[in-house]
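S.K.: First the structure, which I've put down as structure tokens, then a few questions once you've had a look.
The values are calculated or read from the model by the stated rules, or taken from the named source; none is laboratory data. These numbers were taken from a predicted model, which means no experiment stands behind them. Glycine gets a Cβ as well: all are built from the backbone with ideal geometry, and neighbour counts include every protein chain shown. When the accessible area is computed, the model is the full protein with side chains, heavy atoms only, and any ligands, DNA or RNA have been set aside. Shrake-Rupley method; radii C 1.70, N 1.55, O 1.52, S 1.80 Å.
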Amino acid sequence: MSIDDRIAADQPKTFQFTAENEKEIKRIIAKYPKGRQASAVMPLLDLAQRQHDNWIPMAAIEAIANRLEMAEIRVLEVATFYTMFNLKPVGKYFLQACTTTPCWLRGSDEMMRCIKDRYHIASGQTSACGRFSLLEVECLGACVNAPILQVNDDFYEDLDYETTGALLDSLEADDPLPVGSVTGRSGSEASGGGTTLAAVKSGKSGKSASKKRGSAHA
Amino acid sequence: MPKLTVNDIEVDVEDGSTVLHACEAAGVEIPRFCYHDRLSIAGNCRMCLVDMERAPKPIASCAMPAGDGMVIRTDTDRVKKAREGVMEFLLINHPLDCPICDQGGECDLQDQAMGYGLDGSRFSENKRAVDNKHMGPLISTVMTRCIHCTRCVRFATEVAGVPELGAIGRGETMEITTYLEKTLASELSANVIDLCPVGALTSRPYAFTARPWELNKTESIDVMDAVGSNIRVDARGAQVMRVLPRLNEDVNEEWISDKTRYAIDGLRRQRLDRPYARGRDGKLHPISWDEALKTVAGKLGKAKAKRVAAIAGDQCDAESMFALKSLMARLGSPNLDCRQDGAKIGGARSSYLFNSTIAGIDDVDALLIIGSNPRVEAAVLNARIRRNWLATQMPVGVIGENADLTYATQWLGDEASLLDDVLSGKHKFVAKLKKAKRPMIIIGMGALVRADGASVLGKARQIAETYGVVTDKWNGFNILHSAAARVAGLDMGFLPERGGMDVAAMAAAAKAGDLDVLWSLGADEIDYADFASSFVIYQGHHGDAGAHHADIVLPGAVYTEKDGIYLNTEGRVQYANRAAFPPGEAREDWAIIRAVSGAIGKSIGMDSLAEVRDALCEAVPHFAMPDQISAAKWAKFGGRAKLSSQPITSAIENFYMTCAISRASETMAECRRAQQADAAGAVAAE
């Protein structure tokens, strides 16, 4: 994908951080030594993205450059280096599918096939309804529960074709499944349940009951 | 001083050197793409790999600090294989388009592929293609050829001081671009073309015009500003195809300004290639040299010496000015001036030189700029100030135009009275000057062309003496000229003799009808309307202001068409060499003046350039010392009159058009348009 495709053609003219974020920016910049405020560029890009429907307009890049006394191109370099920064609008549910080796061995192709069957989109595209965007990403760092699909800020794990479908159903209904493994395992313990002596002794089976629902945040 | 062994040769290198420096000291050439002596170290091309004892794998020599006792080998099979591997990766996405690439024949990648390249490619997938980027009217881009060495990015950020270039994206999608594809807004932008080791950034005006091996290369001196950049003029036949920088650590290092490089298309346009005389119809008609000489001789022979005057322009060689001075002396006229802008300088040498020398800028720890915009008046010199500022954050105060000089400045204001405040110690900036060990003052022509220029100069001298700018060991009192011919003219005394008139007095006399003949030696920046009543002899190379108002035009040679001596703003004597011949019937300037003197019957002697130089060097001995600066003695100079309330400005408003050559250049006109369009865009955006 060339750079031009990654940056939205239609850009808002202005961008302003909310008062709340302004406070947060002050807190972030204070973390770095004086004169090293440019180090705050990544947290600020993240703030801008969260504030602006999960994507960063060029106006925000310029605002951040001004704020941190950096050249605009330096901020753009950072923003384009990381795939986690979106430079064009994405759907309400931003699906980041991991297809790196462990996930691929555990069936990430099936997970991808499910998404493509439903919305007929390839990596980097948004569904016709405008609510789902897909991005194929490198390792999300949760290989023990591979394959992984990241929906906005949340990880869904142990997916296959059917469970991916169920997950997408729940997202379409705006009532996301509980975050984590869709098979119900707790954290990264073995799929058959706890196997350590300590777990056996306390009689825990490993299936945790309380689960947080997905945040459905966009 | 670490001691290393490179291929069994022991070398000592300076502290802070890298392994690459050590290898060079041992006489081993290390291939490289990203490393450049004048830029920060990136270490991303990996071409400079060498073997180091006890290191598990080859190391990048450009980024590895030299350590005592290191044992380096550059001739092992492993090194060769490693570099071949790097080269193979570089070539994976590099197009095989050398036959249509302007870099061909002077391409680092091409050269090094001869040493480390495979004869075929093992890469059977599609190569990546990258959209070309717009970087303004000077730089042509073929970004598919880019190998991401980031030299251009580092140059723009570090040397030029315009952080507009960057590498966006990553890995396979990485691209070099300017922010929003704006023109690179720097007077030094085209140096990235020289820096680019491949054909990604090439010269747009020079595109597809010549191959390097077809060109005659002549080492010469630039006259677009008073820095006297060392250049190499590449010509094919009679046509100058391009100008490249030549290394001179004390002057331009290895950079030149965009005007130096690209005003050369102006050498072909609007040229005066035969003598002209103004007819009864008020239009210029071509005439022969015989007629021209006869007419000029008739006018000069008849006129009273006191009613004859000569003005030398900004790009004259010393020889022609000396010949004209000799002719005026033979005629008995005291009226001559080389300061067509009316600058109030002359007299003691130290009052009009860049006394600290350009290299002296590296030692400065506080700077006060008066009436100058060095970014525009001497772009290469400005880069040196910036480098010092980057390293030391030295305070820079500016009285005059509040311009972006690519480094942080403290703008004191533009009132002339500020000089009084600084002198009396009332102004806050004084504290910084006092604290400095080697303070410097740079005075531009903007402060000296004023009516009270002499007083400004005097005040500046007093400031210099008060705050330690001039001591026994250090002289930081600097005049920054904008005219390449000025210092040579002042040194040889191309100034009004006793009882003679300067430019302003000549204009006044002409208006009163008291000036019969004016000889203008390439002076295009004076107001010719004042000289309507005089017979104007214009000797020059372009159909610019001078020729338009001349009664007779004697076609001369431009700086690339004659051997000449130029003194830069430091007073450095530099010999320029001829790269091509003047067009048509145009002649070298000293020879024209010699011929006229013969026609009048008042010969100045000097039948060859060598004789002119002999006479010149006899009159002013330091002209015989090429690349030398004769130090000037400090003296009392400058006026004491009250300063006017007029704000101080700088001399040059439009960087791209300052002389007849650059005004005739289409490339410079295009640069100006791009600059204005960007400025208009910036205003619209706000």
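S.K.: Which of (1) in contact (Cβ under 8 Å) with a residue 60 or more places away in the chain; (2) away from every other protein chain (no Cβ under 14 Å) does B:A210 not meet, given it meets every other one?
M.R.: Condition (1) is where B:A210 drops out.
S.K.: Of all the residues that make up the range A:79-90, how many are away from chain B (no Cβ under 13 Å) and touching a helix residue (DSSP H, G or I) at 6+ places or on another chain (Cβ under 9 Å)?
M.R.: If we filter the range A:79-90 for residues that are away from chain B (no Cβ under 13 Å), which is where we start, we get A:86, A:88-90.
Pick out the ones that are also touching a helix residue (DSSP H, G or I) at 6+ places or on another chain (Cβ under 9 Å) and you get A:86, A:88.
Total satisfying the criteria: 2.
S.K.: Going through A:L76, A:L47 one at a time, which residue ends up being crowded, with 20+ Cβ neighbours inside 10 Å and away from chain B (no Cβ under 14 Å)? Break it down stepwise before answering.
M.R.: On the way: A:L76 fails: away from chain B (no Cβ under 14 Å).
After ruling out the rest, the residue left standing is A:L47.
S.K.: Looking at B:A664, B:A677, which is the one that is over 16 Å from B:A379 (Cβ atoms) and open to solvent by 20 Å² or more (accessible area, probe 1.4 Å)? Even if it seems obvious, please write down each step before you answer.
M.R.: Values: B:A664 fails: open to solvent by 20 Å² or more (accessible area, probe 1.4 Å).
Selected residue: B:A677, the only one of B:A664, B:A677 that is over 16 Å from B:A379 (Cβ atoms) and open to solvent by 20 Å² or more (accessible area, probe 1.4 Å).
S.K.: Would you check which residues across the range B:419-433 are touching a helix residue (DSSP H, G or I) at 6+ places or on another chain (Cβ under 9 Å) and open to solvent by 10 Å² or more (accessible area, probe 1.4 Å) and list them?
M.R.: Result: B:D420, B:D421, B:L423, B:S424, B:G425, B:K426, B:H427.
S.K.: Name the one entry in B:V376, B:V398 that is open to solvent by 10 Å² or more (accessible area, probe 1.4 Å), modelled with pLDDT of 95 or more and not polar (S, T, N, Q). Break it down into steps so the answer makes sense when it comes.
M.R.: Working: B:V398 fails: open to solvent by 10 Å² or more (accessible area, probe 1.4 Å).
Result of the check over B:V376, B:V398: B:V376.
S.K.: Quick one: would you say A:L68 is more than 12 Å from every other protein chain (Cβ to nearest Cβ), open to solvent by less than 10 Å² (accessible area, probe 1.4 Å), under 26 Å from A:D169 (Cα atoms) and hydrophobic (A, V, I, L, M, F, W, C)?
M.R.: On the way: more than 12 Å from every other protein chain (Cβ to nearest Cβ): yes; open to solvent by less than 10 Å² (accessible area, probe 1.4 Å): yes; under 26 Å from A:D169 (Cα atoms): no; hydrophobic (A, V, I, L, M, F, W, C): yes.
Answer is no for this residue.
S.K.: Looking only at the range B:288-307, count how many residues are touching a strand residue (DSSP E or B) at 6+ places or on another chain (Cβ under 8 Å) and touching a residue at least 40 places away in the same chain (Cβ under 8 Å).
M.R.: Just the residues of the range B:288-307 that are touching a strand residue (DSSP E or B) at 6+ places or on another chain (Cβ under 8 Å), to begin with: B:291-292, B:295-296, B:299-300, B:303, B:307.
Remaining after also requiring touching a residue at least 40 places away in the same chain (Cβ under 8 Å): B:292, B:295-296, B:299-300, B:303, B:307.
Qualifying residue count, the range B:288-307: 7.
S.K.: Among the residues of the range B:1-32, write down those that are in contact with a helix residue (DSSP H, G or I) (Cβ under 6 Å, 6 or more places away or on another chain) and either assigned to a loop (DSSP other than H, G, I, E, B) or surrounded by fewer than 19 Cβ atoms within 10 Å (Cβ to Cβ) (or both).
M.R.: Here is the first cut: in the range B:1-32, the residues in contact with a helix residue (DSSP H, G or I) (Cβ under 6 Å, 6 or more places away or on another chain) are B:4, B:6, B:11, B:13, B:30-31.
Of everything in the range B:1-32, those that are in contact with a helix residue (DSSP H, G or I) (Cβ under 6 Å, 6 or more places away or on another chain) and either assigned to a loop (DSSP other than H, G, I, E, B) or surrounded by fewer than 19 Cβ atoms within 10 Å (Cβ to Cβ) (or both) turn out to be B:V13, B:I30, B:P31.
S.K.: A further question on this structure: Going through the range B:138-191 one residue at a time, which ones are among the polar types (S, T, N, Q), in contact with a strand residue (DSSP E or B) (Cβ under 7 Å, 6 or more places away or on another chain) and away from chain A (no Cβ under 12 Å)?
M.R.: Passing the criteria: B:S140, B:T141, B:S189.
S.K.: Which of the residues spanning the range B:434-486 are of a type outside the set (S, T, N, Q), assigned to a loop (DSSP other than H, G, I, E, B) and buried (at least 24 other Cβ atoms within 10 Å of the Cβ)? Walk me through it before giving the result.
M.R.: Initially, the range B:434-486 is screened for residues of a type outside the set (S, T, N, Q), giving B:434-454, B:456-461, B:463-465, B:467-470, B:472-474, B:476-477, B:479-481, B:483-486.
Now narrow it down to the ones that are assigned to a loop (DSSP other than H, G, I, E, B): B:436-438, B:449-452, B:467-469, B:472-474, B:476, B:481, B:483-485.
Matches in the range B:434-486: B:V469, B:G476, B:H481, B:A483, B:A484, B:A485.
S.K.: Exactly one condition in (1) at pLDDT below 95; (2) buried (at least 21 other Cβ atoms within 10 Å of the Cβ) is false for B:W590; which is it?
M.R.: (1)
S.K.: Only one of (1) surrounded by 23 or more Cβ atoms within 10 Å (Cβ to Cβ); (2) out of contact with any Lys or Arg (no Cβ under 9 Å at 6 or more places or on another chain); (3) of a type outside the set (A, V, I, L, M); (4) in a loop (DSSP other than H, G, I, E, B) fails for B:T569. Which number is that?
M.R.: Failing condition for B:T569: (2).
S.K.: Another question about this same structure. Kindly indicate the residue of the range B:201-236 that is in a strand (DSSP E or B) and of a type in the set (K, R) and also farthest from the chain's Cα centre (by Cα) among those meeting that condition. I'd like the intermediate steps shown before the answer.
M.R.: Step one: list which residues in the range B:201-236 are in a strand (DSSP E or B), which gives B:201-203, B:216-221, B:230-236.
Filter again for of a type in the set (K, R), leaving B:217, B:232, B:236.
Numbers: B:K217: 19, B:R232: 12, B:R236: 23 Å.
That would be B:R236.
S.K.: Return yes when A:A8 is in contact with a helix residue (DSSP H, G or I) (Cβ under 7 Å, 6 or more places away or on another chain) and either within 14 Å of chain B (Cβ to nearest Cβ) or within 22 Å of B:Y179 (Cβ to Cβ) (or both) and no when it is not. Even if it seems obvious, please write down each step before you answer.
M.R.: On the way: in contact with a helix residue (DSSP H, G or I) (Cβ under 7 Å, 6 or more places away or on another chain): no; either within 14 Å of chain B (Cβ to nearest Cβ) or within 22 Å of B:Y179 (Cβ to Cβ) (or both): yes.
No: the conditions fail for A:A8.
S.K.: What are the residues in the range B:603-640 that are of a type in the set (G, A, S), open to solvent by 60 Å² or more (accessible area, probe 1.4 Å) and in a loop (DSSP other than H, G, I, E, B), if any?
M.R.: B:A631
S.K.: Quick one: which of A:F15, A:F94 is within 14 Å of chain B (Cβ to nearest Cβ) and either modelled with pLDDT of 95 or more or surrounded by 16 or more Cβ atoms within 10 Å (Cβ to Cβ) (or both)?
M.R.: Working: A:F94 fails: within 14 Å of chain B (Cβ to nearest Cβ).
Exactly one residue qualifies, and that residue is A:F15.
S.K.: Additional query: Any residue in the range A:120-132 that is touching a residue at least 40 places away in the same chain (Cβ under 8 Å) sitting within a Cβ distance under 6 Å of a residue that is part of a loop (DSSP other than H, G, I, E, B)? List the pairs, counting only those 6 or more apart or interchain.
M.R.: Pairs that qualify, where the first residue is touching a residue at least 40 places away in the same chain (Cβ under 8 Å) and the partner is part of a loop (DSSP other than H, G, I, E, B), are A:G124/A:M1; A:R131/A:G91; A:R131/A:K92; A:F132/A:G91.
S.K.: Still on this structure, please answer the following. Just to be sure before I move on: is B:I648 among the hydrophobic types (A, V, I, L, M, F, W, C), assigned to a loop (DSSP other than H, G, I, E, B) and either without any contact (Cβ under 8 Å) to a residue 40 or more places away in the chain or over 30 Å from B:E181 (Cα atoms) (or both) in the structure I sent? Give the derivation first.
M.R.: Values: among the hydrophobic types (A, V, I, L, M, F, W, C): yes; assigned to a loop (DSSP other than H, G, I, E, B): yes; either without any contact (Cβ under 8 Å) to a residue 40 or more places away in the chain or over 30 Å from B:E181 (Cα atoms) (or both): yes.
Criteria met by B:I648.
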